[in-house]
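Below is one structure, written out as structure tokens; comments come after it.
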Amino acid sequence: DGTLYVLDETTGRATKASARAGEKTIYNLIPDHVYQWFVKDGDGKVVSSGRLKPTGSVRMLKFLYSGIRNFRDLGGWKCDGGTIKYGLLIRGGFFGDKEADPDNRKLAEDIGIKHEVDLRDEATATESPIGKHVHYYCYPISTYYADIVNGTDRGSYESAVKALRSIFNAVKYGECCYWHCSLGADRCGTISWMIEALLGM
């Protein structure tokens, strides 16, 4: 029993979590990055350590303490000119209109989310539930998301354009952007498909 520390040797980003004796699953690591891990007991003594390297290329993300769905990193996919970088383009469902619980805020911080694009036309939030340090934008899109593509809903079309600009502006400066609708499926999926098409996936 103790505290588990995990350090990404590529980015230098470190996380920690409580650990019990036995097996421990570590989520949200980046494929092909090498990680150092160690466990300290209550006295601060290192009682176990090692290194690991996740395999595969698709990075699914898991929030452990809520029902956030379809949460994933677009990194790792081949595109025109190379491969999409991890940790910049994140899609999913929303955290809730109230302030996110401490564990979810910590996970959002560990992932590096700096911008939130809310696509819900039912949104009432004025700032990100992740925290005041996250830039929040609301560009409402109708639940009839196909209208974005066929151009019959001018308001949703203009929101989609603004959303895409905000997402690419964040990434241009190397900052992680998280966009979502309610469940992270339809409206969010449509914006994700547009991004993937623009990148040549």
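The values are calculated or read from the model by the stated rules, or taken from the named source; none is laboratory data. Computed from a predicted structure; not experimentally measured. Every residue, glycine as well, gets a Cβ built from its backbone with ideal geometry; the counts of neighbours run over all protein chains shown. Surface areas here come from the heavy atoms of the whole protein model, side chains and all, with no ligands, DNA or RNA. Shrake-Rupley method; radii C 1.70, N 1.55, O 1.52, S 1.80 Å.
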Query raised in the report: Please state the relative contact order of segment 31-98 as a whole percent: Cα pairs under 8 Å, 6+ residues apart?
Result: 23 percent
Query raised in the report: Percent of accessible area on the chain owned by carbon and sulfur, 1.4 Å probe?
Result: 50 percent
Query - For residue 48, residues with placed amide H under 5 Å, excluding near neighbours - result: 39
Query raised in the report: Once the Cβ-Cβ distance between residue 26 and residue 101 is put in as r, and R0 is 22 Å, what FRET efficiency do you end up with, to the nearest 0.05?
Result: 0.60
Requested in this report: Scan the chain and report its longest stretch carrying no GluC sites (Glu not before Pro) that are both in a DSSP loop and have at most 16 other Cβ atoms within 10 Å.
Outcome: 24-98
Report task. Show the residues, 5+ positions off or on another chain, whose built amide H is closer than 5 Å to the amide H of residue 128. Result -> 136
Requested in this report: For segment 23-62, state which trypsin sites (Lys or Arg not before Pro) are in a DSSP loop and have at most 10 other beta carbons lying within 10 Å of their beta carbon.
Outcome: 45
Requested in this report: Restricting to the chain, compute how many DSSP beta bridges are antiparallel as a %, nearest 5.
Outcome: 65 percent
Report summary line: Diffing segment 105-118: the Karplus 3J(HN,Hα) column from phi (6.51, -1.76, 1.60, θ = phi - 60°), in whole Hz with x for Gly and Pro, holds 4, 5, 5, 4, 5, 4, 6, x, 5, 10, 9, 10, 10, 9
Query raised in the report: Taking Cα pairs under 8 Å and at least six residues apart, what relative contact order does the chain come out at, in percent?
Result: 18 percent
Requested in this report: Would you mind pulling out the separation of the Cα centroids of segment 46-121 and segment 139-155, in Å?
Outcome: 26 Å
**Report entry** Among [x] 8, 32, 37, 18, 4, 0; [y] 8, 27, 29, 21, 11, 3, 0; [z] 8, 33, 33, 17, 7, 2, 0, the entry that matches P(r) over Cα pairs in 10 Å bins from 0, in percent as calculated here
**Finding:** [z]
Query - Surface accessible to a 1.4 Å probe, per residue, for the residues of segment 1-48, Å² - result: 67 Å²
Query - Accessible area, probe 1.4 Å, largest first, for residues 72, 20, 13, 120 - result: 20, 13, 72, 120
Query raised in the report: Each residue of segment 72-88 in order: what ³J(HN,Hα) in whole Hz does its phi give by Karplus 6.51 cos²θ - 1.76 cosθ + 1.60, θ = phi - 60°, with x for Gly and Pro?
Result: 7, 9, 7, x, x, 8, 5, 8, 4, x, x, 9, 5, 6, 6, x, 10
Query raised in the report: Rounded to the nearest 0.05, what FRET efficiency do residue 62 and residue 122 have when you use their Cβ-Cβ distance and R0 = 25 Å?
Result: 0.45
